[in-house]
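The next block holds one structure in the form of structure tokens; read it before the comments.
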Amino acid sequence: MKKWFKHPLAYVAVILAMVCGLIFVLAAVSGFNKLPSGTQNLRVVVLDQDQSSVSKNIATHLENKLPFKMVTATSFANAKRQLNTRQAALIIQIDKGFYQRVTRGQAPKLTYTVNQSNGLLQNMVTKNVTTQVTTQVASQLTTAKVTQMLAQSTGKALMQKQQAVAKQQVKQQLQASSAKSPQLAQQPAQLKKLQQQAIARVKRQQQQRLMPQVKKQAAATAATLTGQVATTTTKLHALPTNYQYQFAPMFLNLGAYLGIMLMSLVLTLMFMSARHVIGKWSALLAVQLNGFIGVLVAPLVTLGTLRCLISFSSSAFWQLFGVQVLFGLAVFEFTLAIAFLCGGLPSMILQLPLLVSQVVASGAIIPRPALNGFYRWLSTHTPMSQGVYSTFNALYGGANSGYTSALWWLISLSLLAVILIGWLGYRSTKTNPLSRLVPFTAGN
């Protein structure tokens, strides 16, 4: 027993347990420090297709009251493009005829368009936003400002109806004045003055009589609208309600990343030993070929298993296969470069926190705009989020938005880094303890 605890590996095992726990706490928990306030960075597009005084007032009210980045769009096609490329989280559409329905005392219509091909938190937030908007619009329609607009509209309609009555009253008053004073017929200026006075008097009488009726009718119309906003939700890319579908992109890419990272570590250890036997460049070529085989074979197994758990078409399978191969190549070259730089196993000090941080920054749980600056940068410059979003696109739909090109850039730059590190960092012809961890002899 004493000999056991004299061995250094006994203490290395304890240190590994502490370090792994510390890495997960530091890399994962800190990624949530901008929530829930970070969701305010989500963009919500307001599309006013009615362009009336009431709809403009509603749009302005939503921009001022809702805790999100509210932007306006000039057309539905433009708004839909922003939603499809994940630049926006939701489209709030004030339908044409909104004001007309308000003045008629009918429930006005709002249309929400959502893209469900996103992470869990974003889908929950957008669903909550639609509820908030409906409540805000319903309450705003009963405010004094909207009631005043309704009063103006109602008053104008009533005044138009009373114009014929007013003309008749003016005509009768002029006839009565002419009958009392026949000489007025020979005095056009005096007759015109009397006509103007009669018109002004009739208008005052109508306003005094109609305004209470107008205000009462406008207030009654506004009051009937409380809680009576008609809403429709359109899903640009629908997601099944089963949470297996929601989390499939994250776990598919997490498993692929972890497996490929371990493969790159093993191949690095083999390279460090084999280069003394078959030559550095032959060993490096063998590493690349071995990695490419692993990247091709692994998705066939994982995607085949995934298809047994959730339903997707054969075309989606092959699209996913292409995504996973490209993602796998990016992960392999990325993790291999770090492994080469740190000499194999010591690279785990960097690899583990990078893996955990990328899970947080992947977009599968927290949307990219809700992350803090560091995790947002990490999301755009590492493989995981590109793979997760590309998987969402392949399974459920969505625009590419640069994910593929980002993966190709990672492959190219990481491969260049591997070649440079191999050329500059592995010149020694003497073996060291790390290179002897995986023995490689000519007989192998």
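The values are calculated or read from the model by the stated rules, or taken from the named source; none is laboratory data. Please read these numbers as outputs of a predicted model, since none were measured by experiment. Virtual Cβ from ideal backbone geometry, glycine too; neighbours counted across all protein chains shown. The area values use the complete protein model at the heavy-atom level, side chains included, leaving out ligands, DNA and RNA. Shrake-Rupley method; radii C 1.70, N 1.55, O 1.52, S 1.80 Å.
Could you tell me whether residue 39 is farther than 26 Å from residue 376 by Cα, open to solvent by 10 Å² or more (accessible area, probe 1.4 Å) and not in a strand (DSSP E or B)? Step through it out loud before you land on a result.
Working: farther than 26 Å from residue 376 by Cα: no; open to solvent by 10 Å² or more (accessible area, probe 1.4 Å): yes; not in a strand (DSSP E or B): yes.
In short, no.
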Worksheet item: Picking from 239, 254, which residue would you name as being within 30 Å of residue 92 (Cβ to Cβ), of a type outside the set (Lys, Arg) and either surrounded by 21 or more Cβ atoms within 10 Å (Cβ to Cβ) or within 27 Å of the chain's Cα centre (by Cα) (or both)?
Response: 239
Fill in: Top-ranked residue of segment 360-394 - restricted to ones that are open to solvent by 30 Å² or more (accessible area, probe 1.4 Å) and more than 16 Å from the chain's Cα centre (by Cα), ranked as nearest to residue 70 (Cα to Cα)
373
Worksheet item: How many of the residues in segment 67-102 are closer than 24 Å to residue 123 by Cβ and surrounded by fewer than 17 Cβ atoms within 10 Å (Cβ to Cβ)?
Response: 10
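Inspect segment 54-69 for any residue being closer than 26 Å to residue 140 by Cα and in a strand (DSSP E or B) and give the result as yes or no.
Looking only at segment 54-69, we keep the residues that are closer than 26 Å to residue 140 by Cα, and these are 54-69.
Those still in the list that are in a strand (DSSP E or B) too: 69.
Taking every residue of segment 54-69 in turn, at least one turns out to be closer than 26 Å to residue 140 by Cα and in a strand (DSSP E or B).
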